[in-house]
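Quick notes on the structure that follows.
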Amino acid sequence: MFGRSEKKKNAELIAPIWLRDMQKARDIVNRTTDPDAFFTEYDSLKELAEKLTVASKYVKMKGTKPAEVLRMARDQEEAATRNFILRCFQKAMLNAEKVKTEKGKRGQFEKFQTSLEPYFFRMSDENARLVQDLHDEALKKIGG
């Protein structure tokens, strides 16, 4: 439908936007403790890397090649999810330290677990077990 010069022109226009959006998604993935944001942005990161891989046939890009970014995003998804879970747990621990009652402390760890359960289907069995183990261990320490 489009000739090579038209594809090149389109790629030159859109690639910088996709690159910026991919970097934003990466930053959110690396910092958020919101499960919906993490999984949505991880999907966006992969999708944008895929689009940039196609665009890179028409436009020169500096830095890591989009195909390599896509490969790394796929290969490191389990590790990134594990890091995300640990960030969420750290937040739950900090919030539990702020509350005075045992019930309030338990509530923070229940919230941690229930916020992640809907995403177990997106996680490896190992990461889903990690959520459960962190939750159970925290409750043992509280005495619940």
Problem set entry | Difference of contour (0.36 nm per residue) and Cα-Cα distance, Leu13 to Asp133 | 38.4 nm
Seminar exercise, completed: Hits in region 45-65: amide N under 11 Å from the 7 Å Cα→Cβ extension of Met72, namely 63-65
Exercise. By accessible area of protein heavy atoms, probe 1.4 Å, what ranking do Arg82, Arg74 get, highest first?
Worked result: Arg74, Arg82
For this session: From the C-alpha gyration tensor of region 66-130, pull out the three semi-axes of the equivalent ellipsoid (sqrt of 5λ each), sorted largest to smallest, in whole Å.
Result: 30, 12, 7
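Given a Förster distance of 30 Å, report the FRET efficiency between Asp36 and Lys57 from their Cβ-Cβ distance, rounded to the nearest 0.05.
On the way: r = 33 Å, r/R0 = 1.11.
Result of the calculation: an efficiency of 0.35.
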Problem set entry | Pairwise label distance in nanometres, Ser5 with Leu86, each label 7 Å out on the Cα-Cβ vector | 5.3 nm
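Can you show me the helix-derived [θ] at 222 nm for the chain, built from DSSP H runs with n ≥ 4 at -39,500 (n - 2.57) apiece and divided by the number of residues, rounded to the nearest 500. Present the calculation step by step, with values, prior to reporting the outcome.
Details: 6 runs with 114 residues, N = 144.
Computed mean residue ellipticity for the chain: -27000 deg cm²/dmol.
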For this session: Can you tell me the alpha carbon radius of gyration of region 34-83 divided by the globular rule-of-thumb value 2.2 N^0.38 Å?
Result: 1.23
Exercise. Where a Cα-Cα gap under 15 Å defines reach, which aspartates and glutamates qualify for Lys105, not counting those fewer than 8 residues away within the same chain?
Worked result: Glu97, Asp136, Glu137
Problem set entry | Gap separating the Cα centres of region 1-32 and region 54-130, nearest whole Å | 24 Å
Problem set entry | For region 123-136, 3J(HN,Hα) per residue [Karplus equation, 6.51 cos²θ - 1.76 cosθ + 1.60, θ = phi - 60°, Hz, x = Gly/Pro] | 9, 5, 4, 4, 5, 5, 5, 4, 4, 4, 5, 4, 4, 5
Seminar exercise, completed: With the chain reduced to its Cα atoms and the Debye formula applied, log10 I(q)/I(0) at q = 0.11, 0.19, 0.20, 0.21 1/Å amounts to -0.53, -1.03, -1.10, -1.16
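The values are calculated or read from the model by the stated rules, or taken from the named source; none is laboratory data. Everything numeric in this text was worked out from a predicted model, so none of it was measured. Every residue, glycine among them, receives a Cβ derived from its backbone with ideal geometry; neighbour counts consider all protein chains shown. Calculation scope for accessible area: heavy atoms of the full protein, side chains included, ligands and nucleic acids excluded. Shrake-Rupley method; radii C 1.70, N 1.55, O 1.52, S 1.80 Å.
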